[in-house]
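Structure record follows, encoded as structure tokens.
The values are calculated or read from the model by the stated rules, or taken from the named source; none is laboratory data. Just so we're clear, the structure is a prediction, and the values are computed from it rather than from any experiment. Counting neighbours? That spans all protein chains shown, and the Cβs are built from the backbone with ideal geometry, glycine included.
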Amino acid sequence: MRWNHHVPLICELKPITGYYLPEPYYNRKRRVKMVAETKIPNKGYRNFAYILNSMITYTTQTVITTEGASKTFYAGRDLGPAESINIPMWRLHNSINVGASTSPHDVSRYELYSRHFPAGAHGIEWHEEYDTETWIQTYARWCFPSPDRAVGEVGLYMGASRYRLLIARAIIDPPINKAANEMHEEGWRIIFPANYTRWFLRAYEIVSWSTSSATGLPILDTTGTMRIVRFEVPFAGSPDVVIGSDNSPPSPTDYNLKAPIGSLSDQVHAVEIDTAVQECRIVRTGKITPTTNITLGEVGLFCNVYDTTGTARRIMVARGIWDPPVTLEAGVTYTIGIALRLG
């Protein structure tokens, strides 16, 4: 297939999806296994896109707290001014709050439309790795006094001691009744499809930990070499978009493109908050003018992470493919890119 070079060729990855899990069954013997009969789909909101972008680029990003205050966010402890002004990733944990409204999604929002409580229930978080996807799971137990509450919306938050950031919202229509003076067990599941590597998500998993840089989690860098991404400030920035010719299906265990052609020139990086289609995206594009006809089958987004020696190691964040492949003609300049999407 040939492509009109006047039109940017953006590989839009399968969206990152998620579900609010009301009253799941939590297996206390295994402690990290949770089963839910009911799954209510969510939308990823603006703060989540900027938080992910902070990790990939290792730059400060502007997020908005539940009180409407703009704050500078950074995925580490050694960027920006004092904690009293900014929100370092290492101070964040998850929580769930509920509200009454069933208003449609607006992914630019920073809080529920009609929350019942100033803050909800704090929970635990863990990752589950599968052959075709990776989950971030959360679980919380909580109770509240009378009266009962009609719940039409539920929010998932990252929160610090003074700040809470809405990252996803689910709508329950018609609303359900949540009883007062009862123990409620609930959770959230964020699903990263096969496009996203488990190596990036392991760095994501530990970015909020504040501990020793001498230990961490195993990852594969782009050479296929096992490294240990450190617990203390794992991300190192330097995002890059690279194209290749292979178009075999993505897998969470991919660590590089299958048949790399090379990095693109004149790269541009942006977070897009599209309220027309209610979708948040991280988009990185670049240009190429091939000297011979080439086959375009894959594109990858890369960044650096630190290992336990303090050495920056290049990892693949995500990989997308074109099926069928696209022929790029010699002497023609193309704009090509990758889009990470929040469902």
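Points worth noting:
- Residue within the range 257-275 that is within 21 Å of the chain's Cα centre (by Cα), within 21 Å of residue 93 (Cα to Cα) and either in a strand (DSSP E or B) or modelled with pLDDT of 95 or more (or both) present: no
- For the range 30-53, taking the residues that are within 20 Å of residue 205 (Cβ to Cβ) and modelled with pLDDT under 95, the one that is surrounded by the fewest Cβ atoms within 10 Å (Cβ to Cβ) is identified as 30.
- Positions within the range 116-175 being surrounded by fewer than 14 Cβ atoms within 10 Å (Cβ to Cβ) and among the small types (Gly, Ala, Ser), in sequence order: 119, 146, 161
- The residues in the range 287-322 that are in a strand (DSSP E or B) and farther than 25 Å from residue 56 by Cβ can be counted, and the count is 2.
- Of 174, 118, all but one fail to be over 30 Å from residue 252 (Cβ atoms) and assigned to a strand (DSSP E or B); the exception is 174.
- Failed criterion for residue 200 (all others in (1) in a strand (DSSP E or B); (2) within 24 Å of residue 313 (Cα to Cα) hold): (1)
- Qualifying residue in the range 315-325 (condition: more than 19 Å from residue 10 (Cβ to Cβ), in contact with a strand residue (DSSP E or B) (Cβ under 9 Å, 6 or more places away or on another chain), at pLDDT 95 or above and aromatic (Phe, Trp, Tyr)): no
- Answer residue from the range 255-268, given it is of a type outside the set (Val, Ile, Thr) and surrounded by 18 or more Cβ atoms within 10 Å (Cβ to Cβ) and is nearest to residue 291 (Cα to Cα) among those: 264
- Failed item in (1) over 23 Å from residue 141 (Cβ atoms); (2) at pLDDT 95 or above; (3) outside any strand (DSSP E or B), with residue 229 passing the rest: (3)
- Scanning the range 323-332 for residues that are among the acidic types (Asp, Glu) and not in a strand (DSSP E or B) turns up just one, 329.
- The condition of being closer than 26 Å to residue 238 by Cβ, surrounded by fewer than 20 Cβ atoms within 10 Å (Cβ to Cβ) and at pLDDT below 90 does not hold for residue 88.
- All positions within the range 276-286 that are assigned to a strand (DSSP E or B) and either out of contact with any Pro (no Cβ under 7 Å at 6 or more places or on another chain) or assigned by TED's automatic domain parsing to the domain that holds residue 106 (or both): 279, 280, 281, 282, 283, 286
- Only listed residue being touching a Pro at 6+ places or on another chain (Cβ under 8 Å), surrounded by fewer than 21 Cβ atoms within 10 Å (Cβ to Cβ), touching a residue at least 24 places away in the same chain (Cβ under 8 Å) and more than 22 Å from residue 135 (Cβ to Cβ), chosen from 327, 295: 295
- Inclusion of residue 243 among residues that are over 20 Å from residue 310 (Cβ atoms) and either within 17 Å of the chain's Cα centre (by Cα) or part of a strand (DSSP E or B) (or both) is warranted.
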